[in-house]
Amino acid sequence: MIDPERLRTALSEAEARIADAAQRSGRRPGGVRIVLAGKYVAADQAPRLPAAGVRVSGERPTQDLEAKHAVLGDRVTFDFIGHLQRRKVRRVLPLVRLIHSVDSVDLVREIAARSGGPVRFLVQVNTSDEPTKGGIAPDDLAAFAAAAAEIPDAVIGGLMTLPPRSVRAEDARPYFASLRELRDRFAAEWAGRHDFRDLSMGTSQDFWVAVEEGATRVRIGRAMIDLAQVS
């Protein structure tokens, strides 16, 4: 069971690490938001999240998002952070602020068609070239951005990546740095059409490194939930 006070303490500790990392890189801590990885929280425990100060929950799969939204409503903002099938866009889009994991132009078309107006989303980039990971190749991002620009209401709001799993946080730095470099390049090229404002990168094992490299969204879950558990 989640103890809200323990979770609040864990959140505060993560925020302090984020503030330190932001300061080291000359950034404002307020520019980084924690997205709690909701897969570590059962739906019946979800009411404890806002009590602990959780503001954003990143959900996957669709049925978990729907279950927690039914319990929490607008007390927490929801993001979608997993692979999204086109046929489930109509169920997901009304419930979330941001989709972190767009990886095909067809999915962009479906999101835009269902949005009812301009909609921001993040493009997942496979910076590590791992065949088991989703996301588009870095070399394909230029064509992807151009194709998305042809779709009314579709706005690339930034990029997301998942580096290879490693026991050392520093091992993730090259992948975070390469995503930041891509973001900076495409933000300049597409100013006025796509905004490329956000970088979603970093998890419990390496989020401070991600912040040093420019993350605006860090997805932290297991470490905080483990600290918050009581029997």
With Cα springs under 10 Å, the Gaussian network model of the chain assigns the largest mean-square fluctuation among Gly38, Gly192, Gly73 to Gly192
HN-Hα J couplings of the stretch 90-104 from phi, Karplus 6.51/-1.76/1.60, θ = phi - 60°, integer Hz, Gly and Pro as x? 4, 7, 7, 4, x, 9, 10, 8, 8, 9, 8, 10, 6, 9, 8
Proximal charge balance of Ala14 [Cβ under 14 Å; K/R count +1, D/E count -1]: +3
Can you run phi through the Karplus equation (6.51, -1.76, 1.60; θ = phi - 60°) for the stretch 59-70 and list ³J(HN,Hα) in whole Hz, with x for Gly and Pro? 10, 6, x, 4, 5, 5, 4, 5, 5, 6, 5, 5
In order through the stretch 179-185: 3J(HN,Hα) via Karplus (6.51 cos²θ - 1.76 cosθ + 1.60), integer Hz, x for Gly, Pro: 5, 4, 4, 5, 4, 4, 5
What net charge is computed for the residues neighbouring Gly31, neighbours being all others with C-beta under 11 Å from the C-beta of Gly31, Lys and Arg scored +1, Asp and Glu -1? +4
From zero up to wherever the largest Cα-Cα distance of the stretch 54-106 sits, split into 5 Å bins and tell me the percent of pairs in each. 4, 22, 37, 23, 10, 4, 1
Obtain the radius of gyration and the Kirkwood radius of the chain from its C-alpha atoms and give Rg over Rh. 0.96
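Before rounding to the nearest 500, sum -39500 (n - 2.57) across all DSSP H runs of length at least 4 in the chain and divide by the residue total; then give [θ] at 222 nm in deg cm²/dmol. Walk me through the intermediate numbers first.
On the way: 9 runs with 91 residues, N = 231.
Taken over the chain, the calculation gives -11500 deg cm²/dmol.
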Per the Kirkwood formula over distinct C-alpha pairs, the hydrodynamic radius of the stretch 13-128 in angstrom is 15.4
Near the amide H of Leu98, under 5 Å away, which other amide H atoms are found, from residues 5 or more places off or on another chain, if H is placed in the peptide plane? Phe80
Sequence-distant or interchain residues sharing an amide H contact under 5 Å with Thr127, placed H: which? Leu162
Tally Lys and Arg at +1 and Asp and Glu at -1 over the other residues with C-beta under 12 Å from the C-beta of Glu212: what net charge comes out? +1
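So what is the relative contact order for the chain, in percent, with contacts set as C-alpha pairs under 8 Å and at least six apart? Before the final figure, lay out each step's value.
Working: 442 pairs, mean separation 52.2, N = 231.
This gives 23 percent for the chain.
A short reminder: the numbers here are calculations on the coordinates, not readings from a lab. Computed from a predicted structure; not experimentally measured. Counting neighbours? That spans all protein chains shown, and the Cβs are built from the backbone with ideal geometry, glycine included.
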